[in-house]
Amino acid sequence: MGKKNAVVLFGGQSSEHVVSCMSVINVINHINREIYDLLLIGITEEGHWIKTDSVEAIQDGSWKNGSVSAVLSPDATMKSVILLDGEKTELVRADVVFPVLHGLYGEDGTIQGLLELSGIPYVGCGVLSSAVSMDKLYTKIIVKDLGVRQADYIAVMRHELHDLDPIVKKVEDKFTYPVFVKPSNAGSSKGVSRAEDGKELKEALILAGEHDRKILVEEMIVGREIECAVFGGGNTPVEASGVGEIVAAAEFYDFDAKYYNSESKTVVDPALPEGAAETIRSAAKAIFQAVDGYGLARVDFFVKEDGTVVFNEINTMPGFTAISMYPMLWEHAGVTKEELVNRLLKHAADRSQS
């Protein structure tokens with residue numbers, strides 16, 4: 001039996017373009033080449049799909065200069081990628097797609113919808129679970145019915161920002177400062193601010209409104225930032241890894257602290273109050289199943305000093321960079337990066353039977 005063709009997508013149009021390029025190198029390097037031939041496709045920030053020939057081109061950024069365009073056909077009878085090189089056209093069959101894409105247009109159900117149309121199996125959550133998990137407001141609505149503790153919040157719509165004083169009053173009537181202000185539908189802490197007073201709250205609302213039309217103002221949870229990796233779904237039982245801790249170098253774990261501050265640390269299997277780790281693992285699986293998760297997700301929590309576990313967010317295409325918690329947690333559990341990546345590819349192929 002011959003090899004399968006695996007299409008690996010990276011880059012993308014979101015603010016997490018660079019992170020995707022960092023993640024995809026780890027994914028590519030751990031795909032079993034005895035099973036899969038690879039077709040690498042980078043997506044520029046402008047949305048141009050380009051065939052890429054090597055990891056080195058991704059590392060140095062030269063992939064953006066590629067001359068061969070790529071189009072994923074939505075025709076389910078083709079199950080192919082169309083390569084366009086000048087006047088030459090080539091059809092390459094795709095057996096599975098690994099969309100290593102974070103944030104908007106990668107993790108929000110849009111690329112998943114295209115893949116559903118194409119009829120090609122793909123790694124990760126489907127349209128519904130991707131969309132609701134990317135949108136913090138709708139995640140909160142779903143999690144509320146599970147009885148899992150989460151940060152209390154007020155939802156604000158962008159069209160309300162023309163008059164900030166009533167919003168500030170509403171927030172101050174419900175919460176004490178500081179509060180966190182977040183775009184509902186943006187990844188990697190983009191547009192997230194901590195507000196210490198009414199003036200900062202107004203500035204934070206305006207900033208968040210630049211990223212999404214739905215905004216959350218949340219109570220501040222004082223606690224340690226703990227993450228849990230999840231795998232499974234469909235006919236595969238859902239598994240949760242152990243837990244890991246983020247020790248942020250910045251005031252909170254924003255985009256720069258995540259990816260560019262070497263003082264930020266990740267600690268696998270940290271000491272937690274009694275029962276907290278198991279509560280997190282149980283909640284992570286319940287949340288993943290509640291959003292109809294498939295394949296993988298990283299579920300993030302806070303653990304307060306008294307041991308109370310508070311849900312923060314779920315990421316349906318967690319990072320695979322050298323410092324990313326998702327592969328680190330599974331590696332600590334005895335699953336190598338190569339085994340993890342190839343489990344995900346095999347699980348993608350099982351989607352139609354689930």
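The values are calculated or read from the model by the stated rules, or taken from the named source; none is laboratory data. Fair warning: this is a prediction, and the values are worked out from it, not measured in the lab. For neighbour counting, all protein chains shown are included, and Cβ atoms are generated from backbone atoms with ideal geometry for every residue, glycine included. Heavy atoms of the whole protein, side chains included, go into the accessibility calculation; ligands, DNA and RNA do not. Shrake-Rupley method; radii C 1.70, N 1.55, O 1.52, S 1.80 Å.
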>> Going by Cα centres, the stretch 32-46 and the stretch 203-245 are how many Å apart?
In response: 28
> What ranking, highest mean first, results for peptides 134-146, 223-235, 268-280, 99-111 when packing means the other Cβ atoms within 10 Å averaged over each residue?
Replying inline: 99-111, 223-235, 134-146, 268-280
> When ligands, DNA and RNA are left out and all protein chains stay put, how many square angstrom of accessible area per residue does the stretch 1-127 have with a 1.4 Å probe?
Replying inline: 44
> Quick one: of the DSSP bridges fully inside the stretch 47-191, what percent are antiparallel, nearest 5?
Replying inline: 90
> Which of the GluC sites (Glu not before Pro) found in the stretch 112-216 are loop residues per DSSP with 13 or fewer other Cβ atoms within 10 Å of their Cβ?
Replying inline: Glu196, Glu210
> Per residue, how many Å² of accessible area does the stretch 140-232 show with a 1.4 Å probe?
Replying inline: 47
>> Working only with C-alpha atoms, what are the Rg and Dmax values of the chain, expressed in angstrom?
In response: 20.6, 67
